[in-house]
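To start, the structure under review is shown below, and the notes come after it.
The values are calculated or read from the model by the stated rules, or taken from the named source; none is laboratory data. Quick caveat: nothing in here was measured; it's all calculated off a predicted structure. Glycine also receives a Cβ, built like all others from the backbone with ideal geometry; neighbour counts cover every protein chain displayed. For accessibility, only protein heavy atoms count, side chains too; no ligands or nucleic acids. Shrake-Rupley method; radii C 1.70, N 1.55, O 1.52, S 1.80 Å.
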Amino acid sequence: MKIQILVVAMLIAFTLSACKSNGSQSAGGDGHDHDENLLLTSYNDRFELFAEASPFAVGKKSDILAHFTWLDNFNPLHDGSITVSLIVGTDGIRQTESRPFRPGIYKFSLTPDKAGTAVIMFEITTPEGISQLVTGGLRVYTDVHDAEHA
């Protein structure tokens with residue numbers, strides 16, 4: 001009986017601590033924080049991509065942290081240049097990084113200038129050749145607030 005009471009008390013304490021609010025508000029003043037990131041994955045016959053990106057909105061810098069792994073041995077990409085392109089319709093912006101931030105990890109910052117349905121394309125250039133990874137189903141919003149809530 002004492003163990004059951006202890007378990008129930010621990011569950012209640014855990015639930016209350018998880019729901020506890022610190023009372024802070026985001027800069028938008030709407031009572032909640034905006035720390036959500038997009039998780040992107042893609043692969044082809046040579047590489048696997050896992051990336052985390054801040055939501056895309058016109059005029060707002062979005063950071064992308066992308067990890068590239070060779071599929072044949074699951075090692076990180078150590079040597080290669082990567083160009084990321086954010087494409088909305090027929091318009092796009094791009095950035096190229098010639099070396100990883102850490103083995104297999106590349107950092108990008110893009111500021112979209114057009115709203116709409118988007119794809120991100122990563123073009124990987126290595127001594128072994130050129131390879132592409134594409135992630136679709138993304139959206140660039142006209143408003144930062146809408147992007148953070150989507």
Quiz prompt | Neighbourhood charge, 13 Å Cβ-Cβ cut-off, centred on Ser131 and excluding it, Lys, Arg +1 and Asp, Glu -1 | solution = -4
Quiz item: Using a 1.4 Å probe, what is the accessible area per residue for region 64-150, in Å²?
Solution: 54
Quiz item: In debye to the nearest 20, how big a dipole does region 66-116 give about its Cα centre with +1 on each Lys and Arg Cβ and -1 on each Asp and Glu Cβ?
Solution: 140
Quiz item: Just the accessible area for Phe74, please: 1.4 Å probe, Å², rounded to the nearest 10?
Solution: 140
Practice problem: Sum up the charges of everything whose Cβ sits under 11 Å from the Cβ of Gly92, counting Lys and Arg as +1 and Asp and Glu as -1, but leave Gly92 out. | Solution: 0
Practice problem: Net charge near Ser109: determine it from the other residues with C-beta under 15 Å of the C-beta of Ser109, scoring Lys and Arg +1 and Asp and Glu -1. | Solution: 0
Self-check item: Potential extension, Thr90-Ser109 segment - 0.36 nm per residue separation minus Cα distance
Solution: 4.8 nm
Exercise. Take the Cβ-Cβ distance between Asn44 and Thr142 as r, set R0 to 25 Å, and report the resulting FRET efficiency rounded to the nearest 0.05.
Key: 0.20
